[in-house]
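Report on the following structure.
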Amino acid sequence: MKKFFFYCGFLMFLSEILKQLTLTYIVNHGTYNWWYFPFQLCSIPMYVCLLLPVVPSPRIQGVLLTFLMDFGLLSGIFTFFDTTGMYYSLPLLTFHSFAWHILLIILGIVAGLTGKADYSGKGFAGSAAFFLACCLLATGFNLIFYPFGRINMFYISPRCRMSQIVFRDICKIFGNGAAVTSYLLAILTGAGLLHLAWKWKRQKTILP
């Protein structure tokens, strides 16, 4: 099973390199667009899949698998509620975007079915902590790389107004800080509900 995740991660990594090169040298004529820096929530599963085979600790492996089945699956599913950001001027990039998010759904389902994720409340806390750590890294990238171009990893940059559907309306009424906070809480809540669903399925499978 580790090989499956690694192969998927490696395929995602190669496709991401192709995407970055295409955006830089074909779409933007040699200028790098920091908006597409590969550290969105939908990008994290790529790194997780590459890490899984080399992480020796079963506990950490459990955290990573739980992240895939909770947050990775959530990001894959909810992207299809607003697909406007998935279309590019080049059909190849549009195909890549749709294929990527479909793969996120597959990875999340496979991770949940392995039986090696942590389906407990403590397991969700671990995956949530990993998510929040990624948010901190994303914030660091947003602040460090902002002088070089417009960057908005995880859509939580204090220098960019919230652009996600529903939350951009919250931004208009209550401000960007409230929009970002509610956005993060919504992600945690959605992932938590998915975790409860996985826990219920696990218990139903184990119990006679």
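The values are calculated or read from the model by the stated rules, or taken from the named source; none is laboratory data. What you see is a predicted model, and the numbers here were worked out from it, not measured in a lab. FYI the Cβ positions are ideal-geometry reconstructions off the backbone, even for glycines, and counts take in every protein chain you see. Only protein heavy atoms, including side chains, enter the accessible area calculation; ligands, DNA and RNA are left aside. Shrake-Rupley method; radii C 1.70, N 1.55, O 1.52, S 1.80 Å.
Send over a whole-number figure in Å² for the accessible area per residue of the chain, probe 1.4 Å.
On the way: 11220 Å² over 208 residues.
On a per-residue basis, 54 Å².
When the accessible area of the range 90-202 is split by element with a 1.4 Å probe, what percent falls to carbon and sulfur? Please list the in-between numbers first.
Numbers: 4320 of 5940 Å².
Carbon and sulfur atoms account for 73 percent of the accessible area of the range 90-202.
How fast does the range 104-160 diffuse by Stokes-Einstein, in µm²/s, taking the Kirkwood radius from C-alpha pairs at 4 °C and 1.567 mPa s?
Numbers: Rh = 13.4 Å.
It diffuses with D of about 97 µm²/s by this estimate.
Between ILE144 and THR205, what is 0.36 nm times their sequence separation minus the Cα-Cα distance? Round to one decimal in nm. Please list the in-between numbers first.
Numbers: separation 61, 0.36 × 61 = 21.96 nm, distance 4.69 nm.
The ILE144-THR205 span can extend by a further 17.3 nm.
How high is the relative contact order of the range 1-109, given as a whole-number percent (alpha carbon pairs under 8 Å, six or more residues apart)? Working shown, then result.
On the way: 90 pairs, mean separation 33.8, N = 109.
Reported relative contact order: 31 percent.
Give the relative contact order (percent, whole number) for the chain; include only Cα pairs under 8 Å separated by 6+ residues.
Relative contact order of the chain: 23 percent.
Starting at 0 and stepping by 5 Å, how many percent of the alpha carbon pairs of the range 85-208 end up in each bin?
2, 9, 13, 16, 18, 17, 12, 7, 3, 1, 0, 0
Leaving out ligands, DNA and RNA, what percent of the accessible area of the range 1-81 is carbon and sulfur, probe 1.4 Å?
C and S atoms contribute 74 percent here.
Given (1) 29, 21, 15; (2) 24, 21, 16; (3) 42, 25, 15, which label gives semi-axes √(5λ) of the Cα gyration tensor in Å as computed from the coordinates?
(1)
Using 0.36 nm times the number of residues separating ALA178 and LEU113, minus their current alpha carbon distance, what extension gain do you get? Walk me through the intermediate numbers first.
Values: separation 65, 0.36 × 65 = 23.40 nm, distance 3.58 nm.
Working it through step by step, the gained length comes to 19.8 nm.
How high is the FRET efficiency from PHE13 to LEU132, r the C-beta distance, R0 22 Å, rounded to 0.05? Mind dumping the intermediate values first?
Details: r = 24 Å, r/R0 = 1.10.
Given R0 = 22 Å and the Cβ-Cβ separation, E is 0.35.
Among 57-63, 45-51, 182-188, what's the highest-first ranking by average C-beta atoms within 10 angstrom per residue?
Working: 57-63: 15.1, 45-51: 21.0, 182-188: 16.7.
So the order, starting with the most tightly packed, is 45-51, 182-188, 57-63.
Roughly how many nanometres apart are two label points built 7 Å out from the Cα toward the Cβ at PHE95 and ARG161?
According to this spin-label approximation, the distance is 3.6 nm.
Please give the net charge around HIS96, taking every other residue with its beta carbon less than 15 angstrom from that of HIS96, where Lys and Arg add +1 and Asp and Glu add -1.
Details: positive: LYS19; negative: GLU16.
For residues surrounding HIS96, the net value is 0.
Select from LEU41, SER157, PHE98 the residue farthest towards the positive end of the dipole of the chain; place +1 on Cβ of Lys and Arg, -1 on Cβ of Asp and Glu, and compute about the Cα centre.
Going by the charge dipole, the pick is LEU41.
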